[in-house]
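One structure is given here, and the rest of the page talks about it.
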Amino acid sequence: MAVMSPVPASPQISFQYLGAPRLIKSCSPEIVEEPVQLPRITEDIIYVAVGEIVKESTSTLLWALQNSGGKRIGILHVHQPSKTIPMMGTRFHPNSLEEQEVKAYRIFEKKNMLKILDQYLCICRQMGAQAVQLHYEKDCIEKGIVELISQHGIKKLVMGAAADKNYSRPDAEVESSLPQESPDASDYIKGSGKDIPFPHGNEKISTGVTPLINGLNEEGCADECKGKGSPRSPQDSNSQTCSSTVGVSFSSTSSCSGAHCTEVKAAESLYAMELKHRKEIDEVLAKEREALEKVTKERDQVIGELQTALNHRSLLESQMAESNQQVKGMELRISSVIELLQIYKRERDEMQMERDAALRAVEELRRNQEAASFTCMPQFFNEFSFSEIEEATHNFDQSLKIGQGGYGNIYKGFLRCNQVAVKMLQSDSSQGPSEFQQEVYVLSKLKHPNLVKLIGSCPQVYALIYEFLPNGSLDDRLSCKDNTTPLSWQTRIRIATELCSVLVFLHSHNIVHGDLKPSNILLDATFISKLSDFGICRILYKTSSDTTLCHRTVAKGTFAYMDPEFVHTGVLTIKSDVYSFGIILLQLLTGRPAFGIKTEVEYAINAGNLIALLDPLAGYWPFGQAEQICRLALKCCDMYRKFRPDLGSEVWQVLEPMRATYYGGSSSISLYS
């Protein structure tokens, strides 16, 4: 497959003479032969066989241009595909690579070939000659030349030493590749001393043509150009010709003229350009070499890093294996610890059960002792029959029900010409006869202005008869139940002082109320407060291990008012009542529910916004006194009982002067009356 084209273009292959281009378009980078029939006889074209190295074939081309006689020049080149393909610093056989990689490299080779042919065409243009190019691809270069001669009817062919290096094969092999249809087998091309048959015509193309550059030395050329020397003889010219040079039968004995010197200078200029081009190629190769070295270094570095990573991985795997062994050991230890913990837990539960049983036994013994003392002590109150109770409450009419507690329902009644409150024990109540006896014992023995008055009882149904207090409980008044008038801040300070007084009185008798809350504080017609509900009160004793008066029992009461230490330890002391008293003080100041009230007040004080938390229904609080009471209440609500103040000294000394100042100093309250 051959194409004649003066100008290479990829992927377009052209077939043209200079100045009259005619393009052959192709969709692939493959070289496609123009469908137009090529002429068999091209007598007006002198073909010059050129190689891949421009420097070596330039002299042959220049000689042909000098002796062409104005005829067109044909650049003939046979491209021999590389048998190995360079890649990654080495060379590979095409069969060992992918088809796409081989195809890409072949395209690269063809582009380079077209660039080389462009350089030959450029030389022709500079010499003012018309030129065409004819290239062919063949593994055997001499066979490729013979096929081109046969296909295109080439009559005249110039071959120089650079091209001749490839034409040293035996005659038989070359002759076998020539077509046998030649009418005259005596036509031939001389090459390497062997006759190469020429396929057409009777002309002989003889050897011995001297190239322009190789046949003239610099001194001879200079002498001839200046007229100082004589023309060189044909014998001298032939002595400089390579043994394999094939040329047309032009005479090489013509003398050197001024035009020849000009051509020599042009050739020297082209040679300088070629050297410059080669230098640029060498620079590119040097850069490529540096890049290759850099890539090699990076590859070595990556390999080193990979080896380091593999070593690190091996180390991590060994550490992981060691860690797994440690984990297994820890799991065994944890299992043994869990088993031991379960044993301890069982022992603790058993001891807890024994402790609870002992506490129940002690509580039962205490109740029996109190019941015995109750039966023996003098009675300071009346006993009523059940029928009297029924008559007083109109057979427990629900319209007369005024309250309900843990003990039972409370009814309003009229008994023996007195208005009373009757508290009946319910069958499903959490309290029972022991609580009944406890309250009778305490209220019949102790007398205080701020203790509710016990009028009598009905042992038959465990009913308790109290004086009737028309203003209900403090809890009702703080919530303004039934749209009742709110308590003023002066009344609230007085109630706090009265509550402090009665608690100091109870504590002086070693009695802890244990269930202090607003619903157990009742108000009479003049809003004098009366403490009630002593069903779970306790008498304190000194234990052998502690000098503090206390009582160990199961925690009972209303959770929001219960001492945290009492809940945690089961030890009841007078400071338990102090905690409940502190919560009630905060409710008197703010009118808010007990749950979370301590946190709210602490936050308001820290933020300097206490005045916004005071109950506005109580009127305009004197802020200084309100803040003083608030801080005192927070001390009473301390989580630890050892930090809570004493009611008889610290608390009383703050509340009593305020009560006397704002409510009236004429009516005084005694601590122990």
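Every number in this text was worked out from the coordinates using simple rules, so none of it is lab data. What you are looking at is a predicted structure, and each value in this text was computed from that prediction instead of being measured. For neighbour counting, all protein chains shown are included, and Cβ atoms are generated from backbone atoms with ideal geometry for every residue, glycine included.
Within the set of other residues whose C-beta is less than 15 Å from the C-beta of residue 654, count the net charge using Lys and Arg as +1 and Asp and Glu as -1.
On the way: positive: 492, 494, 631, 635, 644, 659; negative: 498, 627, 646, 650, 656.
Result for the local shell: +1.
Take the Cβ-Cβ distance between residue 401 and residue 343 as r, set R0 to 60 Å, and report the resulting FRET efficiency rounded to the nearest 0.05. The partial results should precede the final answer.
Values: r = 55 Å, r/R0 = 0.91.
With a Förster radius of 60 Å, E is 0.65.
Among 343, 365, 324, which residue has its Cα positioned farthest towards the positive end of the charge dipole of region 275-372, with +1 placed on the Cβ of Lys and Arg, -1 on the Cβ of Asp and Glu, and the dipole taken about the Cα centre?
Final value for the positive-end residue is 324.
Quick check for you: which residues of region 93-113 have the amide N under 20 Å from the point 7 Å beyond the Cα of residue 280 toward its beta carbon?
108-113
By the gyration tensor of its Cα atoms, with a ≥ b ≥ c the square roots of the eigenvalues, what is the shape of region 275-372: rounded for a/c under 1.5, prolate for a/b over b/c, or oblate? Working shown, then result.
Values: a/c = 21.33, a/b = 5.11, b/c = 4.18.
Prolate, because a/c is 1.5 or more and a/b exceeds b/c.
Return a whole-number percent for the relative contact order of region 567-625, with Cα pairs under 8 Å and 6 or more residues apart as the contact set. Provide the component values of the computation, followed by the final result.
Working: 23 pairs, mean separation 14.6, N = 59.
Once normalised by length, the contact order is 25 percent.
Find out how many positive minus negative residues lie around residue 507, taking Lys and Arg as positive, Asp and Glu as negative, among other residues whose Cβ is under 12 Å from that of residue 507.
Once positives and negatives cancel, what remains is 0.
Just how far, in whole angstrom, is region 504-535 from region 384-445 if you go by their alpha carbon centroids?
18 Å
Counting only residues 5 or more places away or on other chains, whose amide H sits under 5 Å from the amide H of residue 472 once H atoms are built in the peptide plane?
523
Could you give me the ³J(HN,Hα) list for region 341-355, computed from phi with Karplus coefficients 6.51, -1.76, 1.60 and θ = phi - 60°, whole Hz, x at Gly and Pro?
5, 5, 4, 4, 5, 5, 5, 5, 4, 5, 5, 5, 5, 5, 5
Please compute the length gained on full extension between residue 272 and residue 90, using 0.36 nm multiplied by the number of residues separating them and subtracting their Cα-Cα distance. If you can, show how the numbers build up before the last one.
Details: separation 182, 0.36 × 182 = 65.52 nm, distance 3.24 nm.
Answer, rounded to one decimal: 62.3 nm.
What are the ³J(HN,Hα) values, in whole Hz, obtained from phi via the Karplus relation 6.51 cos²θ - 1.76 cosθ + 1.60 with θ = phi - 60°, for each residue of region 117-128 in sequence order, with x given for Gly and Pro?
So the Karplus estimates, Gly and Pro as x, are 5, 4, 5, 5, 5, 4, 4, 4, 5, 5, 8, x Hz.
Each residue of region 292-301 in order: what ³J(HN,Hα) in whole Hz does its phi give by Karplus 6.51 cos²θ - 1.76 cosθ + 1.60, θ = phi - 60°, with x for Gly and Pro?
Once θ is set to phi - 60°, the couplings for region 292-301 become 5, 4, 4, 4, 5, 4, 4, 4, 4, 5 Hz.
Give me the distance in nm between label points sitting 7 Å out from Cα along the Cα-to-Cβ direction at residue 605 and residue 445, one decimal.
In this crude label model, residue 605 to residue 445 measures out at 3.7 nm.
With +1 assigned to the C-beta of every Lys and Arg and -1 to the C-beta of every Asp and Glu, and no other charges, what is the dipole magnitude of region 454-603 about the Cα centre in debye, to the nearest 20?
Details: 13 positive and 14 negative charges, 27 e Å.
It comes to approximately 140 debye.
For residue 453, which sequence-distant residues (separation of 5 or more, or a different chain) have an amide H within less than 5 Å of its own amide H, given hydrogens modelled in the peptide plane?
Those lying under 5 Å, H to H, from residue 453 are 467.
Which entries in 111/279; 103/276; 55/287; 401/530; 445/598 show an alpha-carbon gap greater than 27 Å? Mind showing how you got there, number by number?
On the way: 111/279 20 Å; 103/276 31 Å; 55/287 23 Å; 401/530 20 Å; 445/598 36 Å.
Exceeds cut-off: 103/276; 445/598.
Of 458, 389, 440, whose Cα points farthest to the positive end of the dipole of region 377-468 (charges on the beta-carbon: +1 Lys, Arg; -1 Asp, Glu; origin at the Cα centre)?
440
Using amide H atoms built in the peptide plane, which far-off residues or other-chain residues are under 5 Å from residue 79 H to H?
Those qualifying (amide H under 5 Å, at least 5 residues apart or on another chain) are 136, 137, 138.
If the only charges are +1 at each Lys and Arg Cβ and -1 at each Asp and Glu Cβ, what is the size of the charge dipole of region 275-372 around the Cα centre, to the nearest 20 debye?
Working: 18 positive and 21 negative charges, 76 e Å.
It works out to roughly 360 debye.
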